[in-house]
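Below: the structure, in structure tokens.
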Amino acid sequence: MQKIHNWSVTVLGLLLFSAPNLLLADPRPANYFAVTPNKFPQFAEANEKSPHRFDFSQWQETVQALVVDFGAPDRVGVEHPSAITGSRFIHGHTSKYRLEANRIPFSYIDEKGKAVLTQLREDLESIGNQVPLGKLSRKSQMAYWMNLHNALVIEQLALHYPTIYPEKARVGQNQLPLHEAKLTKIQGVELSLQDIRREIVYRNWRNPNAIYGFYLGTVGGPSIQNTAYTESNIDRLLKKGAELFVNSLRGVAKTNTHITLSTIYADSKPLFPAWPVDLLSHLSQHSGDVVSATLATSLPIKVQTYDPKIADFAGGRPVRAAPRPRGEVLAARAPGFQVGGPQSGLVSLRAIGSGAGQQVDLRFFETLLRERNEKYARLRRRELRDLRFKGRKNTVIVEEIEPTDEN
């Protein structure tokens, strides 16, 4: 399908303002990089002929074990969840975007698990302090900064859990907001999460796809992937992240009166110097048919969509021990645990890092995992319907298979 955009109408109709719950709004102008000096010039150099590569195997094991995959978005704004059978209470997330972002079960990380996360973060820091980053390729450096940034976010949220709104968490020695606190020191320079994103990666790479490599810990932010970034996979993973986010409701959505875009684009405004044309062009590059048609309308555009709640299972609330065993117990293994594949149903976990095999209450998991599996069923039916239509169009007989728990 050819993507055609009514740029003149769309751009003139663009309205920019931040949602009340947005804490990440970037006050810098779109031409910020052109009119301001580099705060960290020591991180601007690179050697594309460098034979050296980082080893992120331990971090790879960590994210593969921690991240629960929620799959591709189906652009269905789910309704308010119903209470679990036999109860009047609704557990966990209630946002209409709750099925669009991958999850980390922070509520099940115990003290031993937190210590493991801290050790892994320190290992990543030591890499940046032992290896002159400027002697490595740009892709290697970008992979390093993204892995370090995400390790810092995960560690801090685990240490300060329970917390409903990650951006409001006060962390570090000076108890500053999560993204402003100086959380790491690389080559003698103290850095915050904002420094890594805005002043190092965005400034030195100028690639809008970099937006989707940074985990913010929220449902409204880019989804954390279950693969560590490396020099060889970073382009592919960032492209995947861009496509998943742009084609989700929390990325681009439409009402009867306007189009809404995520406020993460306000946080990265200098990546779009010809704002808003560059932003709309970027969205067009990654949009599927539905989003492409949405952007092609003449409706005004508002940058206002953002769900600031933590991307976990319990909605930022603590989880007590289960009153009785529920489901199957999965063995925890350092540095984390596995919850199962995309088709897994309800499971029972024990605390991350714990060797005691403690049963935990799955009430926070039940609704969200059930809804996730229903979403997978909708996606399978949609794929089969599309396949059936294409089969008829090409006079090829295609047998439609009803989705089951095994498919």
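When the residues of region 86-114 are filtered to those that are farther than 18 Å from SER223 by Cα and part of a helix (DSSP H, G or I), the one that is modelled with the lowest pLDDT is TYR108. SER126 fulfils the conditions (1) part of a helix (DSSP H, G or I); (2) in contact (Cβ under 8 Å) with a residue 40 or more places away in the chain; (3) surrounded by fewer than 24 Cβ atoms within 10 Å (Cβ to Cβ) except for a single criterion, (2).
In region 257-274 there is at least one residue matching the filter, namely being in contact with a helix residue (DSSP H, G or I) (Cβ under 7 Å, 6 or more places away or on another chain), of a type in the set (A, V, I, L, M), touching a residue at least 40 places away in the same chain (Cβ under 8 Å) and over 19 Å from TYR202 (Cα atoms). Before we move on, is VAL171 out of contact with any Lys or Arg (no Cβ under 7 Å at 6 or more places or on another chain), of a type in the set (Val, Ile, Thr) and closer than 27 Å to ALA44 by Cβ? It is false that VAL171 is out of contact with any Lys or Arg (no Cβ under 7 Å at 6 or more places or on another chain), of a type in the set (Val, Ile, Thr) and closer than 27 Å to ALA44 by Cβ. Summed over region 226-273, residues that are more than 13 Å from the chain's Cα centre (by Cα), of a type in the set (S, T, N, Q) and over 27 Å from TYR32 (Cα atoms) total 7. Checking each residue in region 280-316 for being among the acidic types (Asp, Glu) and either at pLDDT 95 or above or farther than 19 Å from TYR212 by Cβ (or both) picks out ASP289, ASP312. For region 222-234, state whether one or more residues are assigned to a loop (DSSP other than H, G, I, E, B), under 17 Å from LEU124 (Cβ atoms) and acidic (Asp, Glu). Looking through region 222-234, at least one residue is assigned to a loop (DSSP other than H, G, I, E, B), under 17 Å from LEU124 (Cβ atoms) and acidic (Asp, Glu).
Residues are listed down the side, and each one gets a yes or a no for (1) farther than 20 Å from ALA44 by Cβ; (2) touching a Gly at 6+ places or on another chain (Cβ under 9 Å); (3) buried (at least 22 other Cβ atoms within 10 Å of the Cβ); (4) of a type outside the set (A, V, I, L, M, F, W, C):
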| site | (1), (2), (3), (4) |
| --- | --- |
| ILE196 | no, no, yes, no |
| VAL201 | no, yes, yes, no |
| PRO222 | yes, yes, yes, yes |
| ALA228 | yes, no, yes, no |
| SER232 | yes, no, no, yes |
| GLY251 | yes, no, yes, yes |
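Any chance region 206-226 includes a residue that's touching a strand residue (DSSP E or B) at 6+ places or on another chain (Cβ under 8 Å) and more than 18 Å from HIS149 (Cα to Cα)? There is no residue in region 206-226 that is touching a strand residue (DSSP E or B) at 6+ places or on another chain (Cβ under 8 Å) and more than 18 Å from HIS149 (Cα to Cα). Answer yes if at least one residue in region 174-195 is charged (D, E, K, R) and in a loop (DSSP other than H, G, I, E, B), and no otherwise. Yes, that holds for at least one residue.
Under the condition of being in a loop (DSSP other than H, G, I, E, B) and of a type in the set (Gly, Ala, Ser), the residues counted in region 235-273 number 3. Against the criterion of being out of contact with any strand residue (DSSP E or B) (no Cβ under 6 Å at 6 or more places or on another chain), surrounded by fewer than 17 Cβ atoms within 10 Å (Cβ to Cβ) and basic (Lys, Arg), LYS168 qualifies.
Provide a single number: the residues in region 7-47 that are at pLDDT below 90, surrounded by 13 or more Cβ atoms within 10 Å (Cβ to Cβ) and in a loop (DSSP other than H, G, I, E, B). Looking only at that region, the number is 13. Which members of region 48-85 meet the condition of being over 25 Å from LEU261 (Cα atoms), out of contact with any His (no Cβ under 8 Å at 6 or more places or on another chain) and modelled with pLDDT under 85? Listed by number, the residues that qualify are SER82, ALA83, THR85.
What about ALA151, is it more than 25 Å from ASN31 (Cα to Cα), assigned to a helix (DSSP H, G or I), of a type in the set (A, V, I, L, M, F, W, C) and over 14 Å from the mean Cα position of the chain (by Cα)? In short, no.
Of all residues in region 154-173, those being in a loop (DSSP other than H, G, I, E, B) and touching a residue at least 24 places away in the same chain (Cβ under 8 Å) number 5.
The values are calculated or read from the model by the stated rules, or taken from the named source; none is laboratory data. Values in this document were obtained by computation on a predicted structure and should not be read as measured data. Cβ sites come from the backbone with ideal geometry, for glycine too, and all protein chains shown count toward neighbours.
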